[in-house]
């Protein structure tokens, strides 16, 4: 009797594992959005910089949990925007921890926190200090479609906390800050390996 129960249990486990979409994969795509305000001498000079297209690439690990899934990701991201003709670039490592569920067929929704580590910031023709906090926290949520091993999703990301970098413009007393906190729309393609 135990032998048949064990065989039945193994058969069920094998069937469940074959239907699961767990696994490792790669992801890449485009980002469109901006960072935060530019302030000089305590006054907001630009609160909506010109948005530009950036990109990201990385890896993910999807873990199916019954009707939910957990998807941690590790991605390199480059953001760009423009403040009155001066381009501001942010390079960062993103670690989203997404929790999602399938809705209908291949359609799924997800959301979760995103840890962000600022690698580098550059403002055209301006010397910048180190960023206030190398680590910050944000959130992502979105919707996607999986077609076999290929996936596509659209997500929104927003940083929670101000994370400023300081600058002095043209070696004069005008001191300013730039908020590196992202607000962006992300289009991502993924391939399960």
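The values are calculated or read from the model by the stated rules, or taken from the named source; none is laboratory data. Just so we're clear, the structure is a prediction, and the values are computed from it rather than from any experiment. We place every Cβ from the backbone using ideal geometry, glycine too, and count neighbours over all the protein chains shown.
Of everything in the stretch 50-75, what is without any contact (Cβ under 8 Å) to a residue 24 or more places away in the chain and touching a strand residue (DSSP E or B) at 6+ places or on another chain (Cβ under 8 Å)? Give them in sequence order. Matches in the stretch 50-75: 74 only.
If you check 64, 125, which single one turns out to be modelled with pLDDT under 95, closer than 21 Å to residue 152 by Cα and in contact with a helix residue (DSSP H, G or I) (Cβ under 9 Å, 6 or more places away or on another chain)? Spell out the reasoning first.
Working: 125 fails: closer than 21 Å to residue 152 by Cα.
Testing whether each residue is modelled with pLDDT under 95, closer than 21 Å to residue 152 by Cα and in contact with a helix residue (DSSP H, G or I) (Cβ under 9 Å, 6 or more places away or on another chain) leaves just 64.
Inspection of the stretch 110-132 finds a residue satisfying the criterion of being in a strand (DSSP E or B), in contact (Cβ under 8 Å) with a residue 60 or more places away in the chain and more than 19 Å from residue 24 (Cα to Cα).
Among the residues examined, residue 83 does not qualify as modelled with pLDDT of 85 or more, within 27 Å of residue 158 (Cα to Cα) and surrounded by 13 or more Cβ atoms within 10 Å (Cβ to Cβ).
Residue by residue through the stretch 16-36, note down the ones that are modelled with pLDDT of 70 or more and either surrounded by fewer than 17 Cβ atoms within 10 Å (Cβ to Cβ) or touching a helix residue (DSSP H, G or I) at 6+ places or on another chain (Cβ under 6 Å) (or both).
Filtering the stretch 16-36 for residues modelled with pLDDT of 70 or more gives 22-36.
22, 23, 24, 26, 28, 30, 32, listed by residue number.
Among the residues of the stretch 85-118, those that are closer than 23 Å to residue 61 by Cα and over 14 Å from the mean Cα position of the chain (by Cα) comprise 100, 101, 102, 103, 104, 105, 106, 107, 108, 109.
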